[in-house]
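Asks: Here you go, one structure.
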Amino acid sequence: MSTEFVASPEDHFSFGLWTVGNRGRDPFGEAVRPKIEIKEMLHRLAELGVWGISYHDDDAFTFNGEDSLHRQEVDALKAGLEETGLVCSMATTNLFFHPIFKDGALTSNDPRVRRFAIQKVMRNIDVAAELGAPTYVFWGGREGVETAASKDTRDALSRYAEAIDFLAGYVKDSGYQMRFALEPKPNEPRGDIFLPTVGHALAFISTLDNADMVGLNPEVAHETMSGLSFYQGVAQAIWQGKLFHIDLNDQRIGRFDQDFRFGSEGIKDHFFLVRLLENSGYAGAKHFDAHAYRTEDVDGVWDFARGCIRNYLALRAKAREFDSDPRVAQAMAYSGVADLAEPTVGPYTPQAAAALKAETFDVESLAQRGFGNEALDQLVVDHILGIA
Ligand code: GCO
Ligand code: MN
Ligand code: MN
């Protein structure tokens, strides 16, 4: 296997401006790295074979800036994209940093804050459309509570749905080719965040009037924080046609949101994740939402970015190797992997029900079957370790 993993724009890798732009601030300490200018970021990313960038309005444009300044700033970003050939693969709104959002944005108890938040999103949706972003993400970091006494969650979810439907109406009415992707997270910065997991978000989407244009942007770290399997969440989102975007990073279970370099921690989980994305035909952005360790200087930031890409490409190579190993095919056949794709009873008919009722099963012999999953999984581990 080649040890040179070179990305090309066809791989659809993307980075948020805030990821490589992260200066290492945390709740206990201030910035440890200088600011990198957006132009510089775009050039460095393009050199790494990256396809796209994503941004929050406030990453690139002055918060609540005058129209003329806003125009200049949008033009500067546009020029940077044109110069480097990068696309804008996703846009989003910062609805969490300014103190006005301390009680939430789309779900603040203050209706004036809710209206301001929706206006802020509309303003940036116009920019996103101009930049050609196909996906608009909603991460509700402040949409939540510390004390359940402060909000009726049913009202909060109604206001959340109202806002998403209103904004979806705005996109459709404006003729923009854009879909929304909700990003679940269980907590941090709020004590509890609404739509805490992939499952909650999928159920919420099904209540929307504009469910057709709303899907998910799941993040490795967010499901893993809760101890859930990211792989299973993503697989279900794909099954429901709702994987619109994905935030790739890494995380240890039960910790705060660590945003580690992709593939640096849960190597086996990531092997299966990459294999799933590749084999499912997912064609969207492979978006790294992570940042360099706080120990790093600017060189470390680019080591981090290269590492995310390298780990994805290496795991993709491993997954291909695994899927073309005849011993794997044999072990999978023994385990019955393909048999699960066979319908069990088909659609209900009285005849099918009667036939099933009349069927006899040799329960004892069925119970004796082994599925060979130890041998199958050892092949997984052997491939990952390079000893297959
Ligand atoms: C986090 C989130 C954010 C969002 C970003 C784009 O935990 O901080 O992952 O990084 O992804 O705001 O919506
Ligand atoms: Mn994210
Ligand atoms: Mn996150």
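The values are calculated or read from the model by the stated rules, or taken from the named source; none is laboratory data. These numbers were taken from a predicted model, which means no experiment stands behind them. In this analysis, Cβ positions are derived from the backbone assuming ideal geometry, glycine residues included, and neighbour counts consider all displayed protein chains. Just the protein is used for accessible areas: all its heavy atoms, side chains included, with ligands, DNA and RNA removed. Shrake-Rupley method; radii C 1.70, N 1.55, O 1.52, S 1.80 Å.
Asks: Quote to one decimal, in nm, the extra length available between THR295 and GLN240 on full extension: 0.36 nm per residue of separation minus the C-alpha distance between them.
Replies: Going from the current span to full extension adds 15.8 nm.
Asks: Through the Karplus equation 6.51 cos²θ - 1.76 cosθ + 1.60, θ set to phi - 60°, convert the phi angles of the stretch 188-199 into ³J(HN,Hα) values in whole Hz; use x for Gly and Pro.
Replies: Rounded to whole hertz, the list is 6, x, 6, x, 9, 10, 5, 6, x, 9, 3, x.
Asks: Still on this model: How tilted is helix 298-323 with respect to the longest principal axis of the chain? Cα atoms for both, answer in degrees (0 to 90, nearest 10).
Replies: Here the helix axis deviates by roughly 20 degrees.
Asks: Quote the Stokes-Einstein diffusion coefficient, in whole µm² s⁻¹, for the stretch 46-169, based on the Kirkwood radius over alpha carbon pairs, a temperature of 10 °C and a viscosity of 1.306 mPa s.
Replies: 102 µm²/s
Asks: Let me ask something else. With θ taken as phi - 60° and the coefficients 6.51, -1.76 and 1.60, list the Karplus ³J(HN,Hα) couplings across the stretch 203-217 in order, rounded to whole Hz; mark glycine and proline as x.
Replies: Per residue, the Karplus-derived 3J(HN,Hα) values read 5, 4, 4, 5, 8, 7, 5, 10, 4, 4, 10, 10, x, 10, 10 Hz.
Asks: Another one. Just by accessible area at a 1.4 angstrom probe, what is the order of TYR170, TYR282, TYR293, TYR312 from largest to smallest?
Replies: Descending order: TYR293, TYR170, TYR282, TYR312.
Asks: Work out, in µm²/s and without decimals, the Stokes-Einstein translational diffusion coefficient of the stretch 221-320 at 10 °C, 1.306 mPa s, Rh from Kirkwood over C-alpha pairs.
Replies: On the way: Rh = 13.9 Å.
Answer, rounded: 115 µm²/s.
Asks: To continue, here is another question. Using the alpha-carbon atoms, what tilt in degrees (0 to 90, nearest 10) does helix 373-385 show relative to the longest principal axis of the chain?
Replies: The two axes meet at around 40 degrees.
Asks: Across the chain, how many lysine pairs separated by 8 or more positions, or lying on different chains, have Cα atoms within less than 18 Å?
Replies: Going through the chain pair by pair, I get 9.
Asks: Looking only at the chain, where both bridge partners belong to it, what percent of the DSSP beta bridges are antiparallel (to the nearest 5)? Mind showing how you got there, number by number?
Replies: Working: 4 of 29 bridges.
Within the chain, antiparallel bridges account for around 15 percent of the total.
Asks: What number does the stretch 49-96 give for Rg over Rh if you use C-alpha atoms and the Kirkwood radius? Please list the in-between numbers first.
Replies: Values: Rg = 11.4 Å, Rh = 11.4 Å.
Rounded to two decimals, Rg/Rh equals 0.99.
Asks: With unit charges on the beta carbon (Lys/Arg positive, Asp/Glu negative), name the residue among GLY284, SER54, ILE36 whose Cα is farthest towards the positive pole of the charge dipole of the stretch 9-317.
Replies: The residue sitting most towards the positive pole is GLY284.
Asks: So, in nm, how far is label ARG306 from label LYS78 when the simple model puts each one 7 Å beyond its Cα toward the Cβ?
Replies: Placing both labels 7 Å along Cα→Cβ, they lie 3.5 nm apart.
Asks: Kirkwood-based Rg over Rh for the stretch 9-317 (C-alpha set), two decimals?
Replies: The Rg/Rh ratio comes out at 0.93.
Asks: How far, in nm, would the chain grow between ASN64 and ARG112 when pulled straight, counting 0.36 nm per residue and subtracting the alpha carbon separation?
Replies: Answer, rounded to one decimal: 15.8 nm.
Asks: Output needed for the stretch 251-388: three equivalent-ellipsoid semi-axes, defined as square roots of 5 times the C-alpha gyration tensor eigenvalues, in descending order, whole Å.
Replies: Ellipsoid half-lengths, sorted descending, are 42, 19, 14 Å.
Asks: Along the stretch 87-101, what does the Karplus equation 6.51 cos²θ - 1.76 cosθ + 1.60 (θ = phi - 60°) give for ³J(HN,Hα), rounded to whole Hz, x for Gly and Pro?
Replies: After applying 6.51 cos²θ - 1.76 cosθ + 1.60, I find 9, 8, 8, 6, 10, 7, 10, 7, 10, 9, 7, 5, x, 4, 9 Hz.
Asks: Here's something else I'd like to know. Along the Cα→Cβ direction, 7 angstrom out, place labels at SER174 and LEU356. What is the inter-label distance in nm?
Replies: Once both label points are built, they end up 4.9 nm from each other.
Asks: Sticking with this one: Can you give the helix-only mean residue ellipticity at 222 nm for the chain, where every DSSP H stretch with n ≥ 4 adds -39500 (n - 2.57) and the sum goes over all residues, rounded to the nearest 500 deg cm²/dmol?
Replies: -14500 deg cm²/dmol
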